[in-house]
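Okay, so here's the structure we're looking at.
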Amino acid sequence: MQKQKMKPVDILIVEDNPGDARLIKEVINGNKIQCQLHLVKDGVEAMNFLNRKEEFTGSPRPDLIFLDLNLPKKDGREVLAEIKTDDNLKQIPVVVMTTSQAEEDILKSYSLHANCYVTKPLDLDQFVNVVKSIEDFWFSLVKLPTKE
Amino acid sequence: MIISKGKGTFQLMVIMIFVSLLVAGISIYIVYHVVINEKKEYLKELSENQIGIIESISDEGKDITGVLKLLKRQQKINASIGKTGEFVVGYLKNDTIFYLLDHLRYDFFNPKPIAFNSVIGEPMRRALSQRTGIMTGFDYSNKEVLAYCSYIPKLRWGIVTKIDISEVNESFYKSGLYAGLIAIVLVTIATFFFRKISNPIAKKIMESEENLRAILDATQESIYLLDRQGKFIITNRIGTKRFNLSQADAIGHKISEFMLPELALSRMEHLNNVFSSGKPEQFEDVRNGFHFEHHYYPCFKDDKVNYIATYSRDVTEIKKKELELLKLNRILKALGKSSQVMLKATDELSYLEEVCRIVVNDCGFAMVWIGYAQNDETKTVEPKACAGFEKGYLESLKISWADNERGHGPTGTSIREGQTVVCSNMIMNPAFEPCREDATKRGYASSLALPLSDNDKTFGAITIYSSEPDPFTLKEISFLTELAADLSYGILSIRSKIAKTKVEKELLESEEKLTLALENASIGVWVWDILTNEIEWDERMELMFGIKPGSFAKTYDAFESFLVDEDIPHTRKALRKALEEEIHFETVYRIKLGNGGVKYINAKALVTKDNNGKPVKMTGVCFDITEMKKDAEQVLFKLNEELMRSNKELEQFAYIASHDLQEPLRMVSSFTQLLAKRYKDKLDEDAREFIQFAVDGASRMQTLINDLLAFSRIQTKGREFTDVDMHEVLEQAVYNLSINIQAKNALLTNGELSVVYADEGQMIQVLQNLIGNALKFSMNAPLIHISSKEENDYFIFSVKDNGIGIEKQYFERIFQIFQRLLPKDEYEGTGIGLAICKRIIERHGGKIWVESEINKGTTFYFTIKKIQRS
């Protein structure tokens, strides 16, 4: 699925709900930007992926992380905290994407240096819009640090 | 004894004249005798003179005739004896008397000899008979004369010196006449003057007598003066009237004549007694139903009783009064006795019996009974006690106090009306109809029913029967009323005495229990005399405070010295509050122990105040709650921990619920939508509609979950209260609803809104929900008015619309969670908005309610407490 010119973008999706993961994939795949999507289903896997541990030894460094907060094994908040306290990882923008509209979650996320916080809309069209906007923002609008 | 004035004076005059004449006559008579005697002496002397002369002359033998002539001259000289006085010389010759000289009425030259035995010439005959002496008799010319006769034996001549009696008498007749005339004149003059002098005196005497008479007649008592035979000497008007006599008829008659023989006898007996003993007597008798009292007093004259003065009075009324008094006295005595009985009584029934007995025995009434009003169906009067009745009689009467025929008897009426009912004559009184026959058979002629009352409530009656038809005087009724009042009081006081005894017993028991409890619970008791500022502790207090029994210094300072310093201010405050306000003292303080530890003491007290509301005493208890405190602290700690954990869990739950419930929901929604989108050409109309239903359902479910979450977080996630300007709140709410407001073309107005102390976010939510509601349930163009006002401790806010309105029966229900009144397809919403409002308002200590009219509009009101800053 590689495209010419553009270096493919690696997106890590940390999502235990396969439905959501699928939806995100559906939306991203429908876009122009070449994306390499990586899906992990819990916090531990996510950290292993980022630290290239265990089965993820050959994994790429993601350009963007979609992080759900409620995850099995390791909570999304812990994952966020670990990323943002890790000097190697903290540059990676993390989009907290969750069902929760709870204020404390939003606050907590930002205080853990989440780059943005998005509530998953119920409506499919809105969902598509949200994901598209994120994609556009982070890959077209924003200048990201180059990978190592 | 009064003589009429004119007649009296005349009589007096006659008597006086008579007496004067008598005196004059006697005087004249005496003078006459003296004069006669003088004349006699004179005549005798003269005669003896003449005789002497004649004898001496005759001795010398001179011519007799010459002598005689000489004598004659002499005679003339001596004729001073009077005009008719003369000296006569005669001699007897042939039994015929011849006179020697011519005399006044004797013609010497034509002598008419007088026969010796004729009746005339008596003095000479006596002289010639040689009887010398004075005499009166008829002389030669048949004239009565006073003469001295003597005889000269030598010449045998009789010599008479004489004077006519008439001459002697004449002057006396004259002087008698003069004396008489003078006497008449003098007496007349004297009488005139006497009258002049005596009239005023007499008048006075008369007046005084009249006055006495007036007094006598005015006196209402009979007054008599009687003599030994009982004859009236003096009576007064009443006295004679009593016998239907006039005074004149009575005087001089015996009192016994006008009396029945038996009565007369007794009177005479008393009369005689007084006469013989000289001592007064008093007695009474009865006459034609009238009662009289008689007093007999002796009247003395020369130490002897000569009259009896009596006075008698009608004492019928007095006797009647006395009898009444006697009765009243008996009632009074009964009153006194019943009071004594009351004091001693311990049992109500025996007290009633005793009172009944007293009334019958001491007051002399025929019978008496006491009944209590029952509140049963027929309102019977239940006889409780009686005296003078045969057993069972009262029960047979079935007396009632209901307002019907049976209850109109005296007892029933008395109870029903709370009045004294006098039934003077049972035979005549219709109220007695039901029991007349019975009563009269038993000889009861009249009755008196007196109510027995507790304050104004009549609970029974005492009914008294008399065998007399009209025996109850006002005074008696008043005394008997008093007796009834005493009886009421007695009954009530016995009841209260019994109750009191019971209470006292219970009190004693409870006191014992209390002491036991105090001992066992180690509760200390203290009394603070505020006036002397002295605090008394019992032993347990001292034990509790860790000091030796009896060593407490009894002052407030001594008490305070035990307290932990931080606890002194609030203890003082609690004491002051209890003394100044109507609050019981209660506080907890710590006391320092010798070993450096502390004890928690719970102190409670009551304040005693005097009549002016000034506190005088504080009585309290203390108990050691250290252990309890420790336990409680532990319990509290545990509870708190548990609560925190549970709150946390709840939070977690709510969070998880909202999060985890929404995910599957979103899956349903998203994938059905994706399905619709991707396969829209392959799906028919039905399939698309079904998908829409699924999507809508999921959407509503999400709203529901969010609302539920919000609802659950009102309490736990509320913010601190601050001063909130409701204008700003409204502004924010309107802003939040702006799209909706524009869509509905609604007009919002508001009045002056207060600043409240509240959670701003929640206030926004409340107004937003209420305005949202108004928009939602509107017709045409909504008009919404928001206003507030102050009332007591609250601000009242109102949100008023002109919408469809709510039926009254749903006013409560709309505030319950998930309660909807209208179908979902017409009015969207979860039915949680008003429940959230209610919860928020309640968190603020306020209330929310609604007033509405169908098709006219709805007004929501909510209150927020003024200033809740702690």
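Brief remarks follow.
Quick grid of which residues meet (1) farther than 28 Å from B:Y444 by Cβ; (2) part of a strand (DSSP E or B); (3) under 32 Å from the mean Cα position of the chain (by Cα):
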| position | (1), (2), (3) |
| --- | --- |
| B:A309 | yes, yes, no |
| B:K321 | no, no, yes |
| B:L325 | no, no, yes |
| B:N329 | no, no, yes |
| B:V341 | no, no, yes |
| B:G371 | no, yes, yes |
| B:D376 | no, no, no |
| B:P383 | no, yes, no |
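- Subset of segment B:672-688 [in a helix (DSSP H, G or I) and away from chain A (no Cβ under 13 Å)]: B:E685, B:D686, B:A687, B:R688
- Scan of segment B:116-133 for residues that are more than 11 Å from B:G158 (Cα to Cα) and either touching a Leu at 6+ places or on another chain (Cβ under 8 Å) or not in a helix (DSSP H, G or I) (or both), ordered by number: B:F116, B:N117, B:S118, B:V119, B:I120, B:G121, B:G133
- Cβ pairs under 7 Å, 6+ apart, first in segment B:639-655 and free of Cβ contacts under 8 Å to residues at least 60 places away in the same chain and within 13 Å of chain A (Cβ to nearest Cβ), second surrounded by 10 or more Cβ atoms within 10 Å (Cβ to Cβ) and not in a helix (DSSP H, G or I): B:Y655/A:A102
One line per residue, one yes/no per condition, for (1) of a type in the set (A, V, I, L, M, F, W, C); (2) touching a helix residue (DSSP H, G or I) at 6+ places or on another chain (Cβ under 6 Å):
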| position | (1), (2) |
| --- | --- |
| B:S738 | no, no |
| B:E760 | no, no |
| B:L767 | yes, yes |
| B:A781 | yes, no |
| B:S787 | no, no |
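- Complete set of residues in segment B:134-154 that are hydroxyl-bearing (S, T, Y) and not in a loop (DSSP other than H, G, I, E, B): B:T136, B:Y148, B:S150, B:Y151
- For A:L80, the test of being in a loop (DSSP other than H, G, I, E, B), surrounded by 18 or more Cβ atoms within 10 Å (Cβ to Cβ) and either among the hydrophobic types (A, V, I, L, M, F, W, C) or away from chain B (no Cβ under 14 Å) (or both) is failed.
- Every residue from segment B:227-255 that is part of a helix (DSSP H, G or I) and closer than 21 Å to B:E209 by Cα: B:R237, B:I238, B:G239, B:T240, B:K241, B:Q247, B:A248, B:D249, B:A250
- Residue match in segment B:611-623 (condition: assigned to a loop (DSSP other than H, G, I, E, B) and within 18 Å of B:L543 (Cα to Cα)): no
- From the options A:L69, A:L23, A:L64, residue that is surrounded by 15 or more Cβ atoms within 10 Å (Cβ to Cβ), within 14 Å of chain B (Cβ to nearest Cβ) and touching a residue at least 60 places away in the same chain (Cβ under 8 Å): A:L23
- Tally, over segment A:113-132, of residues that are among the polar types (S, T, N, Q), within 14 Å of the chain's Cα centre (by Cα) and over 19 Å from A:N70 (Cα atoms): 0
- Extreme residue, surrounded by the most Cβ atoms within 10 Å (Cβ to Cβ), among residues of segment B:284-299 that are hydrophobic (A, V, I, L, M, F, W, C) and out of contact with any Phe, Trp or Tyr (no Cβ under 8 Å at 6 or more places or on another chain): B:F292
- Taken as a whole, the structure leaves B:A743 outside the set of residues that are exposed (fewer than 14 other Cβ atoms within 10 Å of the Cβ) and either under 60 Å from the mean Cα position of the chain (by Cα) or in a loop (DSSP other than H, G, I, E, B) (or both).
- Among the residues of segment B:701-722, just one is more than 13 Å from chain A (Cβ to nearest Cβ) and among the hydroxyl-bearing types (S, T, Y), namely B:T722.
- Residues of segment B:44-61 include at least one that is at pLDDT below 80, of a type outside the set (S, T, N, Q) and on the phi > 0 side of the Ramachandran plot.
- Per-region count, segment A:26-45, residues farther than 21 Å from A:E55 by Cα and away from chain B (no Cβ under 12 Å): 7
- Selection status of B:M667, surrounded by 13 or more Cβ atoms within 10 Å (Cβ to Cβ), more than 8 Å from chain A (Cβ to nearest Cβ) and closer than 21 Å to A:M97 by Cα: no
- Selection over segment A:106-122 of residues that are within 14 Å of chain B (Cβ to nearest Cβ), in contact with a strand residue (DSSP E or B) (Cβ under 7 Å, 6 or more places away or on another chain) and part of a helix (DSSP H, G or I) gives a count of 2.
- Which numbered condition B:A698 misses (of (1) under 26 Å from B:I832 (Cβ atoms); (2) away from every other protein chain (no Cβ under 12 Å); (3) of a type in the set (A, V, I, L, M)): (2)
- Test: residue in segment A:92-103 that is surrounded by 14 or more Cβ atoms within 10 Å (Cβ to Cβ), small (G, A, S) and within 12 Å of chain B (Cβ to nearest Cβ): yes
- Here B:H294 fulfils each of the conditions (1) in contact with a helix residue (DSSP H, G or I) (Cβ under 9 Å, 6 or more places away or on another chain); (2) in a helix (DSSP H, G or I) apart from (2).
- Residue count for segment B:220-245, restricted to those that are in contact with a Gly (Cβ under 9 Å, 6 or more places away or on another chain) and surrounded by fewer than 17 Cβ atoms within 10 Å (Cβ to Cβ): 1
- Residue match in segment B:464-473 (condition: among the polar types (S, T, N, Q), modelled with pLDDT of 85 or more and in the same structural domain as B:G409 (by TED's automatic domain parsing)): no
- The residues of segment B:547-587 that are of a type in the set (A, V, I, L, M) and surrounded by 14 or more Cβ atoms within 10 Å (Cβ to Cβ), listed by number, are B:I547, B:A558, B:L563, B:V564, B:A574, B:L575, B:A578, B:L579.
- Extreme residue, nearest to B:V315 (Cα to Cα), among residues of segment B:185-217 that are among the small types (G, A, S) and modelled with pLDDT of 85 or more: B:A214
- Selection status of B:I205, surrounded by fewer than 15 Cβ atoms within 10 Å (Cβ to Cβ), closer than 26 Å to B:L12 by Cβ, free of Cβ contacts under 8 Å to residues at least 60 places away in the same chain and within 60 Å of the chain's Cα centre (by Cα): yes
- In this entry, A:R52 is excluded by the filter for residues that are touching a residue at least 40 places away in the same chain (Cβ under 8 Å) and surrounded by fewer than 17 Cβ atoms within 10 Å (Cβ to Cβ).
- Restricting attention to segment B:394-420, the residues being more than 16 Å from B:T458 (Cβ to Cβ) and in a loop (DSSP other than H, G, I, E, B) number 3.
The values are calculated or read from the model by the stated rules, or taken from the named source; none is laboratory data. All of these numbers come straight from a predicted model, not from anything done at the bench. With ideal geometry, Cβ positions are generated from the backbone for all residues, glycine too; neighbour counts draw on all protein chains shown.
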